[in-house]
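J.: Here it is: the structure, laid out below.
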Amino acid sequence: MTLLSGDPSRGRALQILVTLVVIALVFAPFLFPGAKAMNTAAKTCVMILLVASYDVLLGYAGIVSFAHVMFFGVGAYGVGLALYGLGAGWGALFAGLGLAILLSLALALAIGLFSLRVQSIFFAMVTLAVAYAFNVLASQLSAFTGGEDGRSFKVPAVLQPGFRWLDHPLFGVQANGKLLSYYLVVFVVAAAFLVLLRIVNSPFGRVLQAIRENPFRAEALGYRIVFHRTIATCVSALGATLAGGLSALWLRYVGPDTALSFSIQVDVLVMVVVGGMGSLWGAVLGAALFVVAESYLQDGMGALAGLAANAGLPLLPALFDPHRWLLWLGLAFVLAVYFAPLGIVGALTPPEGKGRR
Amino acid sequence: MSVLDVGAALPRHRMEILPALTPVLVAVVAAPFVGSASTFLTLTAAGIAMGMMIFTMASGLTLVFGMMDVLNFGHGAFIALGAYVATLVLLPLASWSATDSILLNLAVLTLAGVAAGLVCGLMGWLFERLIVKPVYGQHLRQILATIGGSIIAEQLIYAVWGPDQIPVSIPAAFQGSFVIGEAAVEKYRLLATLVGLVVFAGEMLVLNRTKIGLLIRAGVENREMVEALGYRIDRLFVAVFMAGSALAGLGGAMMALYRGQVHATIGAEFLVLCFIVIIIGGLGSVGGSFVASILVALIANYAGFLAPKLALVSNILAMVVVLLWRPRGLYPVSGR
């Protein structure tokens, strides 16, 4: 209970779902052998951290930011370029991550102080513009960032797939560096998630929620809105930077498509809203659902498209084309915004009893 | 306190002149750095043309925000849709644009523009009814819903037109450029400038000289009061939304022709520019967004010539500087 900061997921169905996802992720290499499943699991972990940190901003503080993936990119590029330029050592890794964190903090402070003062709606537009400029910058400064091609790099020896730390397989799985990197990702994501959970359940988190519900009243009670919102921006930026670093470490590659593209930002939005805004457990469910859908829904859609094409129906094959899977997720997204503003978590959480907040 | 003088004219709203002069100021400052007069003229003409196209896209967005506090992230989808609808006219009628007859050339352009505007206007109506209306007055859900709408719209565009670029070409009569001294000014840019000016003049006339315009302006200033006086502001808003979407489509069509190719990414790209423009201009102000469009395009052009790397972030820098000077934009609308 103290580990979860007194904020466990509530409702039997929800608890079962969350437990299933957590078990699946922790034992993924043993439960689902194969490279694709392991990649899917690692991506899910990274996304959970990215989405949870975004939820601090969107769900708890009620601020829409479009620069979240920019911070993800800062982390990914920080780790990636440091390992590329300084060689595959732990020193380079931490130096890169440290620099990335400093840059993220500076950017988040600047954006927050600049645009949260005026009107909160400014923030959405300003972050969109800044993120766009950053994206263009990263792909244009090709001498430094590798441009559109990105950079492939080596990770520290212990994390490389060729590294064996046991001579015999462990429960039928190769005990190599890939397994170690996977558990590094899982461990860091779990730790960061618990820290985020601690933060949103602290008095600071309560004030954020108060500001979200009624800024005037919160200000009248003596809380400085700009201060709290800016800190929330920084916290969320830190989470995203860390997620970016992990992502680069896992992929051993960094480029605009995997680290900065605007479509990741849209994905993150979809995950938060479908999973459930204002609950970090929603991030777990949303990310898991999304990544699984991305990896496996397309097969089903391909089958449907084939069926529709055989039946000679117009337009339907194009709508069910596997590349159009985002269309259906977009529909789910809009429906969630209208009918289930609290997403899966909201739908599965039982109404609160007396005496609870 | 003076006694109320019924006969006296209402105090005139004085327009500040300095913000309107900022584009001129930028041009004057940039001129010595550019050096050659012909290059300067070419850059300036190109900047004004680009500014006019951006204004055509952005003016609807600023009014929609001003009236109903709706920040429409789906606006980019209409820009892209307009570009694609224009290809429906331009490609079948390719022979019209290939001929030397300036009348046929103009006809095909007009048809393409009208088609883009009409389709986007109708889609705007649908978008407003389905996506925006259920979440009036709730900023967060509104932003999310319009983003969802834009995802769906973009995917539908891909489903209908496919993911590849579609090449389009400017009709023969508008290719090439006028040469004034040593400066070359593309004909199509002049045409785009003209269209932008007509759109601006039209909007100004409607807003300042008609009853509907009066109601729209009143709605931007104070929606509740207009409603209290018995006007159905939601119907008015639908009309403004449709007009804004139609203009976005027209702007998208113009920009697609200017670039010579159509792709759905044009939507996201210019949505960002539109936001920058309406923030600089002052949210809700058409005149402000007009000035801001020219300002942003001129700065981008000069920066692109003088320091290409800087051009990428010049828009952001321009926005930061303007907001430090006037936190609510060049022409802030009172009441917000």
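J.: Condition first: facing chain A (nearest Cβ under 9 Å) and buried (at least 20 other Cβ atoms within 10 Å of the Cβ). Now tell me which residues in the range B:115-132 satisfy that.
T.: Across the range B:115-132, the qualifying residue is only B:I131.
J.: Could you list, in sequence order, all residues of the range B:202-234 that are touching a residue at least 60 places away in the same chain (Cβ under 8 Å) and either of a type in the set (G, A, S) or in contact with a strand residue (DSSP E or B) (Cβ under 6 Å, 6 or more places away or on another chain) (or both)?
T.: B:G219
J.: Looking at A:V254, A:V272, which one is within 14 Å of chain B (Cβ to nearest Cβ) and buried (at least 21 other Cβ atoms within 10 Å of the Cβ)?
T.: Matching residue, one of A:V254, A:V272: A:V272.
For every residue, the table says whether it meets (1) within 13 Å of B:N72 (Cα to Cα); (2) modelled with pLDDT of 90 or more; (3) among the β-branched types (V, I, T).
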| residue | (1), (2), (3) |
| --- | --- |
| B:A112 | no, yes, no |
| B:R141 | yes, no, no |
| B:I152 | no, yes, yes |
| B:I157 | no, yes, yes |
| B:G162 | no, no, no |
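J.: Related question: Inside the range A:141-175, can you point out the residues that are assigned to a loop (DSSP other than H, G, I, E, B) and either loosely packed, with under 12 Cβ neighbours inside 10 Å or touching a strand residue (DSSP E or B) at 6+ places or on another chain (Cβ under 7 Å) (or both)?
T.: A:G150, A:P161, A:G162, A:F163, A:W165, A:L166, A:D167, A:H168, A:P169, A:F171, A:G172, A:A175
J.: So B:I216 fits all but one of (1) farther than 21 Å from B:R235 by Cβ; (2) surrounded by 12 or more Cβ atoms within 10 Å (Cβ to Cβ); what number is the exception?
T.: (1)
J.: Right, another one. Output yes when any residue across the range A:286-304 is over 13 Å from the mean Cα position of the chain (by Cα), closer than 23 Å to A:A37 by Cβ, within 14 Å of another protein chain (Cβ to nearest Cβ) and surrounded by 24 or more Cβ atoms within 10 Å (Cβ to Cβ), and no when none is.
T.: Within the range A:286-304, not a single residue is over 13 Å from the mean Cα position of the chain (by Cα), closer than 23 Å to A:A37 by Cβ, within 14 Å of another protein chain (Cβ to nearest Cβ) and surrounded by 24 or more Cβ atoms within 10 Å (Cβ to Cβ).
J.: How do the pairs read when you match residues in the range A:176-195 that are in a helix (DSSP H, G or I) with residues anywhere that are among the hydroxyl-bearing types (S, T, Y), using Cβ under 9 Å and keeping only pairs 6 or more apart or on different chains?
T.: Correct list of pairs: A:V185/A:S247; A:A192/A:S53; A:L194/A:S5.
J.: Step by step: first the residues of the range B:256-312, then only those that are at positive phi and surrounded by 24 or more Cβ atoms within 10 Å (Cβ to Cβ), then the one that is modelled with the lowest pLDDT. Which residue is that?
T.: Per the stated criteria, the residue is B:G284.
J.: Sticking with this structure for a sec: Among residues belonging to the range B:163-192 that are of a type in the set (D, E, K, R) and more than 22 Å from B:A98 (Cα to Cα), point out the one that is farthest from the other protein chains (Cβ to nearest Cβ).
T.: By that ranking, first place goes to B:E182.
J.: Do we have A:F262 as touching a residue at least 60 places away in the same chain (Cβ under 8 Å) and either more than 23 Å from A:T145 (Cα to Cα) or of a type outside the set (A, V, I, L, M) (or both) here?
T.: Yes; evaluated as a whole, the condition is true for this residue.
J.: Now a separate question. So, in the range B:235-277, exactly how many residues are more than 14 Å from chain A (Cβ to nearest Cβ) and of a type in the set (V, I, T)?
T.: The number of residues fulfilling the criteria is 3.
J.: Right, next: Among the listed residues B:V195, B:V160, B:V199, B:V135, which satisfies the condition of being out of contact with any strand residue (DSSP E or B) (no Cβ under 8 Å at 6 or more places or on another chain), within 14 Å of another protein chain (Cβ to nearest Cβ), closer than 30 Å to B:T99 by Cα and not basic (K, R)?
T.: Testing whether each residue is out of contact with any strand residue (DSSP E or B) (no Cβ under 8 Å at 6 or more places or on another chain), within 14 Å of another protein chain (Cβ to nearest Cβ), closer than 30 Å to B:T99 by Cα and not basic (K, R) leaves just B:V160.
J.: Another question about this same structure. In the range A:209-232, which residues are in a helix (DSSP H, G or I) and among the aromatic types (F, W, Y)?
T.: A:F216, A:F227, listed by residue number.
J.: Of the conditions (1) away from chain A (no Cβ under 11 Å); (2) buried (at least 22 other Cβ atoms within 10 Å of the Cβ); (3) in contact with a Ser or Thr (Cβ under 7 Å, 6 or more places away or on another chain), B:A112 satisfies every one except a single condition; which number is it?
T.: Result: B:A112 fails condition (3) only.
J.: Quick one: which residue in A:A347, A:A308, A:A332 is in a helix (DSSP H, G or I), closer than 24 Å to A:L196 by Cβ and among the hydrophobic types (A, V, I, L, M, F, W, C)?
T.: Going through A:A347, A:A308, A:A332 in turn, just one is in a helix (DSSP H, G or I), closer than 24 Å to A:L196 by Cβ and among the hydrophobic types (A, V, I, L, M, F, W, C): A:A347.
J.: Need a quick list: helices (runs of 4 or more DSSP H) entirely within the range A:51-140 having at least 2 residues that are surrounded by fewer than 24 Cβ atoms within 10 Å (Cβ to Cβ), out of contact with any Phe, Trp or Tyr (no Cβ under 6 Å at 6 or more places or on another chain) and at pLDDT 90 or above.
T.: A:90-115
J.: For the range B:292-332, how many residues meet the condition of being assigned to a loop (DSSP other than H, G, I, E, B) and within 12 Å of chain A (Cβ to nearest Cβ)?
T.: Matching residues across the range B:292-332 total 5.
J.: Separate question: Inspect the range A:318-338 for any residue being among the hydrophobic types (A, V, I, L, M, F, W, C), modelled with pLDDT of 85 or more and within 12 Å of the chain's Cα centre (by Cα) and give the result as yes or no.
T.: No, the range A:318-338 has no match at all.
J.: Here is a follow-up. Being over 18 Å from the mean Cα position of the chain (by Cα), of a type in the set (A, V, I, L, M) and either assigned to a helix (DSSP H, G or I) or at pLDDT 90 or above (or both) is the filter here; which residues of the range B:185-215 pass it?
T.: Listed by number, the residues that qualify are B:I212, B:L214, B:L215.
J.: Based on this model, can you work out whether B:G82 counts as farther than 19 Å from B:V262 by Cβ, touching a residue at least 24 places away in the same chain (Cβ under 8 Å), in a helix (DSSP H, G or I) and of a type outside the set (S, T, Y)?
T.: no
J.: Of the numbered conditions (1) at the interface with chain B (Cβ under 9 Å from one of its Cβ atoms); (2) within 18 Å of B:A159 (Cα to Cα); (3) part of a loop (DSSP other than H, G, I, E, B); (4) among the aliphatic types (A, V, I, L, M), A:M277 satisfies every one except a single condition; which is it?
T.: All conditions are met except number (2).
J.: Let me ask something else about it. For B:I280, indicate whether it is free of Cβ contacts under 8 Å to residues at least 60 places away in the same chain, farther than 20 Å from A:Q140 by Cβ, more than 9 Å from every other protein chain (Cβ to nearest Cβ) and assigned to a helix (DSSP H, G or I).
T.: Spelling it out, B:I280 is indeed free of Cβ contacts under 8 Å to residues at least 60 places away in the same chain, farther than 20 Å from A:Q140 by Cβ, more than 9 Å from every other protein chain (Cβ to nearest Cβ) and assigned to a helix (DSSP H, G or I).
J.: Would you confirm whether or not the range B:61-75 contains a residue that is at pLDDT 90 or above, out of contact with any Cys (no Cβ under 6 Å at 6 or more places or on another chain) and assigned to a helix (DSSP H, G or I)?
T.: yes
The values are calculated or read from the model by the stated rules, or taken from the named source; none is laboratory data. Quick caveat, the model's predicted, so the values are computed rather than measured. Neighbour counts are summed over all protein chains in view; Cβ atoms, including those assigned to glycine, are modelled from backbone coordinates with ideal geometry.
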